[in-house]
Amino acid sequence: AQSVTQLDSQVPVFEEAPVELRCNYSSSVSVYLFWYVQYPNQGLQLLLKYLSGSTLVKGINGFEAEFNKSQTSFHLRKPSVHISDTAEYFCAVTLGAPDMRFGAGTRLTVKP
Amino acid sequence: KAGVTQTPRYLIKTRGQQVTLSCSPISGHRSVSWYQQTPGQGLQFLFEYFSETQRNKGNFPGRFSGRQFSNSRSEMNVSTLELGDSALYLCASSNTEMRNLYGYTFGSGTRLTVV
């Protein structure tokens, strides 16, 4: 079975500081990994995805994530955050399961 | 091209009533999945429809049902509403063969409040 754990429920940071949102997954087979962002009262928007190949994946809005197979992690990073990055971020995994499995989410709050 | 459209955006219902939510997927997408999002439980999978057939179902009571029409539009119905059904209901469409590669495209959701 596949599952996803987001290690931090809330992450407060100051504007222009770097940020890392942590995600670990468990699966007995190779998986595809995704990060989604959700702004208040909106649906989820795809930030980036890892399918295969290079372990460093670049996404929209300056975000990137690194796939680490040995540590079964897929952490999301941004070198310098903006106020507009305040949102909830979800890590997700899929392959073979009937549905995409989501983590519980990390609320990123960027302070001025 | 148009995204995933969910209607209505907001609903307020009374306990015991029933409700129907609608989702129009991206043109050409034949798979529609429904998720319930609550602060306590996060995103929980309700069911997936593909070509008018329910392919997969999550762990929800029979009060939650859905259907898909020939044009791929989908509806979900919740009968005998309970306070705990208050949630954001998200619809996600995909080109099923590529779901594992491209993920889902989500609608903006329907915020259901049961009073």
Stokes-Einstein D for the protein assembly as shown at 37 °C, 0.692 mPa s, Kirkwood Rh over Cα pairs, in µm²/s? 181
Under the helix-only model (-39500 (n - 2.57) for each DSSP H run of 4 or more, divided by the residues of the protein assembly as shown), the mean residue ellipticity at 222 nm, to 500 deg cm²/dmol, is 0 deg cm²/dmol
Mean Cβ count within 10 Å, highest first, over the residues of peptides A:99-109, B:71-81, A:62-72: A:99-109, B:71-81, A:62-72
Residue by residue through A:100-106, how many Cβ atoms from other chains fall within 10 Å of the Cβ on average? 4
May I ask you to evaluate 6.51 cos²θ - 1.76 cosθ + 1.60, the Karplus curve with θ = phi - 60°, for each residue of region A:47-63 and list the ³J(HN,Hα) values in order in whole Hz, giving x for glycine and proline? 8, 6, 8, 10, 10, 5, x, 4, 7, 9, 10, 9, x, 7, 6, x, 7
Please list, ordered by chain and number, the residues whose modelled amide H lies under 5 Å from the amide H of B:PHE47; skip anything fewer than 5 residues away on the same chain. B:TRP34, B:GLY58
Chain A - convex hull of alpha carbons, volume per residue in Å³: 94
Spatially proximal aspartates and glutamates relative to B:LYS13 (Cα-Cα < 14 Å; intrachain offsets below 8 disregarded): B:GLU82, B:ASP85
What is the Cα centroid distance between region B:74-115 and region B:1-69, reported in whole angstrom? 4
Skipping prolines and chain starts, which residues have an amide H placed within reach, meaning under 5 Å, of the one on B:ARG30, given they are 5 or more residues away or on another chain? B:SER94, B:THR96
Separation in nanometres of the label points that stand 7 Å from Cα toward Cβ, at A:THR72 and A:SER28: 1.2
Setting aside same-chain residues fewer than 8 positions from B:LYS57, which lysines have a Cα under 24 Å from its Cα? none
Which whole number gives the average, over all residues in A:37-46, of C-beta atoms from other chains lying within 10 Å of the residue C-beta? 5
Estimated vicinal HN-Hα couplings, Hz - region A:13-29 in sequence order (Karplus 6.51, -1.76, 1.60; Gly, Pro = x): 9, 8, 4, 6, 7, x, 9, 9, 10, 9, 9, 10, 10, 10, 6, 8, 10
Equivalent ellipsoid dimensions for chain B as semi-axes, Å, which come from the Cα gyration tensor, largest first: 23, 14, 13
For peptide B:31-40, the mean count of other chain Cβ atoms within 10 Å per residue Cβ is 2
Whose amide H sits under 5 Å from the amide H of A:THR86, counting only residues 5 or more places off or on another chain, with H placed in the peptide plane? A:VAL110
Under the Karplus relation 6.51 cos²θ - 1.76 cosθ + 1.60, θ = phi - 60°, what is the ordered set of whole-Hz ³J(HN,Hα) values for region B:50-62, x standing for Gly and Pro? 9, 6, 6, 10, 6, 9, 9, 9, x, 9, 10, x, x
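Values in this text are rule-based calculations from the coordinates and carry no lab data. Quick caveat: nothing in here was measured; it's all calculated off a predicted structure. Cβ coordinates were reconstructed from backbone atoms using ideal geometry, including for glycine residues, and neighbour counts include every protein chain displayed.
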